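To start, the structure itself, in structure tokens.
The values are calculated or read from the model by the stated rules, or taken from the named source; none is laboratory data. This structure is a prediction, so every number in the text was calculated from the model and none was measured. Heads up, the Cβs are rebuilt from the backbone with ideal geometry, glycines too, and the neighbour counts pull from every protein chain shown. Heavy atoms of the whole protein, side chains included, go into the accessibility calculation; ligands, DNA and RNA do not. Shrake-Rupley method; radii C 1.70, N 1.55, O 1.52, S 1.80 Å.
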Amino acid sequence: MSDEQRDDRQVERHGERPGERPGDRHGERPGAPTGPRPEPIRFYGTTWVDHDGGYHLRRVGLAIGSLLGATASAYLLRFAYEGLEIGNVGTFLNISVVVLFAVCSAIAFVKTWESFGRRPAPSSDEASLKGLKAIGFIGSLIAYFLRTLGEAPGEKLHRAEYEAALAAHDRRRSTRSGNPAARRPQRKK
């Protein structure tokens, strides 16, 4: 058995390479700061915390992508509407389809915009609105585009939660003093 095969077996058993300190992998060094970690945002990861790692390029790219997606979707719906006109289905159905997509897009826009600022309640009606938001996908894309112009969608919510978690962690860390095992038990009165 060669040395490399022994090293590989040791890695399988212990999870670390010879000469490597415990916790060196995955950024878990013993001296690394502890505390809450930021929650990643879709397409941005954790770059929103310090606006590094291509954060601004991602924002520009996603804004352009969502705007192009909304534009392409509008053209697709226009072709579908023209297909209804060619099929001579009637004025009522043509108007109904336009109103349906307009209302669904408006609702999807509002719900998507609100979702960037708050977490949905566990018993909310978000699940029942998924079909409506799927029909009004143009509204969701426009909301995403507009929010991306100012910040990563959901960044404000995530930043508030992360800063609150950091403050709570700092409060807990600052109240600790000494070795808890060395304290004397308190007497009952």
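Here is how the numbers come out for the structure above:
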item	result
Directionally averaged projected area (convex hull, Cα atoms, region 35-189), nm²	14.8 nm²
Region 38-116 - Debye-derived log10 I(q)/I(0), Cα point model, q = 0.20 Å⁻¹	-0.97
Modelled FRET efficiency - R0 22 Å, THR34 with ALA160, Cβ distances, 0.05 increments	0.55
Order by protection proxy (mean Cβ within 10 Å, highest first), peptides 68-78, 137-147	137-147, 68-78
Pairwise centroid distance, computed over Cα atoms, of region 59-78 with region 99-172, Å	18 Å
Sequence of ILE64, ILE41 when ordered by accessible area, the most exposed leading, probe 1.4 angstrom	ILE64, ILE41
Accessible-area ranking of ARG187, ARG59, ARG171, largest first, probe 1.4 Å	ARG187, ARG171, ARG59
For region 104-174, convex hull of alpha carbons as volume per residue, Å³	79 Å³
FRET efficiency for LEU100 and HIS51, using Cβ-Cβ distance with R0 set to 25 Å, rounded to 0.05	0.05
